[in-house]
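Student: Please see the structure below; I have some questions.
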Amino acid sequence: MDMTFHESSLKPDALGDLSRRLRELEISEARYRTLFNNVPAAVFQVDASEVEDVFVSLKRSGVEDIDAYLIENPHLIDIANSSVMVREVNDVALRLFGATEVSQLLAPVAYIFAGTPEASANVMSAHFRGRPNHYQRLKIKRFDGRLVDAALMVSYPQLTSNFDTSVLMITDMTEQVRIETELRKMENEFAHFSKLSMLGEFSGAIVHEVRQPLSVVANDAATASRWLSKSDPNLPKVRELVQRIEDSATHATEVIKRVHDMASKATPERRICDLNRLVASAITFVKKEAARRSIAITTKFSPALPECEADPIQVQQVVVNLLINAIQAIERSERPQRGICVLTRTGDGRVSFEVQDSGSGIPEDIIGEIFESFFTTRKDGMGMGLSICRSIVQSHGGNISARNDPAGGASFQVWLPSEILSLNGSTSDG
Ligand code: ADP
């Protein structure tokens, strides 16, 4: 039968109809092209018919668990990677992969999965299961070798569809990943900061619990001494009061002990730490607060500091607490100098850090008491900070001391056993 197309054999009406339809088709094609190239994602049309044939025969032979099958037969993934062909791509795809020619992308799909090989198995698995689409995050390996964070969406041909092609869309997620990483970092810093600031939380929580027995102690002591000052003291009554004083004092002591336990031994961790790094990161937590008050924090770190075995969070709590005290001392003082210097040094099998401030120093008559629980000279102070610092330092086998600088200001020094010391369990010089 002659199937040759003879234009002349068509009636003028039919010819007009045909050219109109052709024009419509062209317009439709142009519209599709515009859409295809303006989708804000790299689009790949792929022909997966060969894999579909394999799937059909696998299903016929009774394969149900495609994931297990692909693990046992990884060569099937290689076959798919080299036989599923990219038939069409848009301009975004060219830019995403850093290709110069469309022909570079009209190739087997292997290059799409080069950055995340397991994505290929996932895409096959979803296809085998008859899912309408598949989404996952992956890394794209550009032609210049650079890895790019991306998201892959695959839309599979459905039985009802006229198209036998799968459509893969890839969006560049570099910016999102950057924001996500930034957010995670902020979250971590926040969690870390709230741990570091727990000294304050502890103090707030316990102050009420301790204040109550202490006021009982004060009241009962006053009453007892009134009874005792009478010419005929009611001794049973005094005995009762003294007993209550003892109970209340014991209760208060227990509360204090509990706080110390929580702060210094809650989750004792021992890690090999670089003290310079611990101190530096603790400083970052108060740097803004200090800057807001025009207080400069400088450091003089020993370059050859041996490592120490410590609970990093607890050591940072001590540093932060000493820094906060230093800031408060400078705020209280009238001196023009406003600076904190943090030093680290080593010696005698120990490592140390020292926080020096330019405040007015510690009055000599109270210097022996400042590490006691509830000792404070501040109106809104709790007097717990230094006492918890001391508990933490002592639980590390170290010590903390305070002195006044002859040039003005206070200086707190913390010594911790260095790693060599704690591993040997003895000092080198006794
Ligand atoms: P708080 O800060 O709640 O008073 P602390 O235990 O941290 O509790 O401090 C106890 C006291 O030690 C303070 O009230 C203050 O008198 C004194 N002190 C602490 N640090 C300094 C410092 N850097 N300079 C001067 N005095 C200080």
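Conditions (1) more than 27 Å from ALA119 (Cβ to Cβ); (2) surrounded by 14 or more Cβ atoms within 10 Å (Cβ to Cβ); (3) modelled with pLDDT of 85 or more, marked per residue:
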site: GLY145; (1), (2), (3): no, no, yes
site: GLN158; (1), (2), (3): no, no, no
site: THR165; (1), (2), (3): no, yes, no
site: THR171; (1), (2), (3): no, yes, yes
site: ARG184; (1), (2), (3): no, no, no
site: PHE190; (1), (2), (3): yes, no, no
site: LYS237; (1), (2), (3): yes, no, yes
site: GLU246; (1), (2), (3): yes, no, yes
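Student: Among VAL123, VAL43, which is among the β-branched types (Val, Ile, Thr) and either part of a strand (DSSP E or B) or farther than 14 Å from LEU168 by Cβ (or both)? Reasoning before the result, please.
Tutor: Details: VAL123 fails: either part of a strand (DSSP E or B) or farther than 14 Å from LEU168 by Cβ (or both).
Unique residue meeting the criteria: VAL43.
Student: Something else now. Which condition breaks for PRO306 when tested against (1) part of a loop (DSSP other than H, G, I, E, B); (2) within 11 Å of the ligand (Cβ to nearest atom); (3) closer than 21 Å to ASN399 by Cα?
Tutor: All conditions are met except number (2).
Student: Condition first: modelled with pLDDT under 85 and of a type outside the set (A, V, I, L, M). Can you find one or more residues in the range 388-408 that meet it?
Tutor: no
Student: For the range 285-301, state whether one or more residues are away from the ligand (no atom under 16 Å from the Cβ), in contact with a strand residue (DSSP E or B) (Cβ under 8 Å, 6 or more places away or on another chain) and farther than 18 Å from ALA410 by Cβ.
Tutor: Yes: one or more hits.
Student: Filter the range 309-323 down to residues that are in a helix (DSSP H, G or I) and touching a Leu at 6+ places or on another chain (Cβ under 8 Å) and give me whichever is nearest to the ligand (Cβ to nearest atom).
Tutor: Let us first name the residues in the range 309-323 that are in a helix (DSSP H, G or I), namely 312-323.
Now restrict to residues that are touching a Leu at 6+ places or on another chain (Cβ under 8 Å): 312-313, 315-317, 319-321.
Working: PRO312: 21, ILE313: 18, VAL315: 17, GLN316: 16, GLN317: 12, VAL319: 13, VAL320: 11, ASN321: 6 Å.
So the residue we want is ASN321.
Student: Only residues that are more than 15 Å from ARG390 (Cα to Cα) and at pLDDT below 90: list them for the range 294-312, please. It would help to see each step written out before you state the result.
Tutor: Within the range 294-312, the first condition is being more than 15 Å from ARG390 (Cα to Cα), and the residues that meet it are 294-309, 312.
Hits for the range 294-312 are ALA304, PRO312.
Student: Is there a residue being basic (Lys, Arg), over 26 Å from LEU58 (Cα atoms) and touching a residue at least 12 places away in the same chain (Cβ under 8 Å) anywhere in the range 79-91? Spell out the reasoning first.
Tutor: Restricting attention to the range 79-91, the residues satisfying the condition of being basic (Lys, Arg) are 87.
Then drop every residue that is not over 26 Å from LEU58 (Cα atoms), which leaves none.
The answer is no; no qualifying residue exists.
Student: What are the residues in the range 328-376 that are within 10 Å of the ligand (Cβ to nearest atom), of a type outside the set (Gly, Ala, Ser) and under 11 Å from ALA410 (Cα atoms), if any?
Tutor: Hits for the range 328-376 are ILE330, ILE340, VAL355, GLN356, ASP357, ILE362, PRO363, ILE367.
Student: Can I ask one more? Please count how many residues of the range 381-403 are outside any helix (DSSP H, G or I) and within 8 Å of the ligand (Cβ to nearest atom).
Tutor: Keep residues of the range 381-403 that are outside any helix (DSSP H, G or I), which gives 381-384, 396-403.
Still in the list and also within 8 Å of the ligand (Cβ to nearest atom): 381-384, 402.
The number of residues fulfilling the criteria is 5.
Student: Residues of the range 131-154 being assigned to a loop (DSSP other than H, G, I, E, B) and touching a residue at least 12 places away in the same chain (Cβ under 8 Å), which ones? Explain how you work it out, then say what you get.
Tutor: Taking the range 131-154 as the starting set, the residues that turn out to be assigned to a loop (DSSP other than H, G, I, E, B) are 131-132, 142-146.
Matches in the range 131-154: ARG131, PRO132, ARG142, PHE143, ASP144, ARG146.
Student: Considering only residues of the range 61-101 that are polar (S, T, N, Q) and farther than 13 Å from TYR111 by Cβ, which is surrounded by the fewest Cβ atoms within 10 Å (Cβ to Cβ)?
Tutor: Step one: of the range 61-101, the residues polar (S, T, N, Q) are 61, 73, 81-83, 90, 100.
Of the ones still in play, those that are also farther than 13 Å from TYR111 by Cβ are 61, 73, 83, 90, 100.
Numbers: SER61: 7, ASN73: 13, SER83: 17, ASN90: 22, THR100: 9.
Selected residue: SER61.
The values are calculated or read from the model by the stated rules, or taken from the named source; none is laboratory data. Remember, it's a predicted structure, so these values are computed and weren't measured experimentally. Cβ sites come from the backbone with ideal geometry, for glycine too, and all protein chains shown count toward neighbours.
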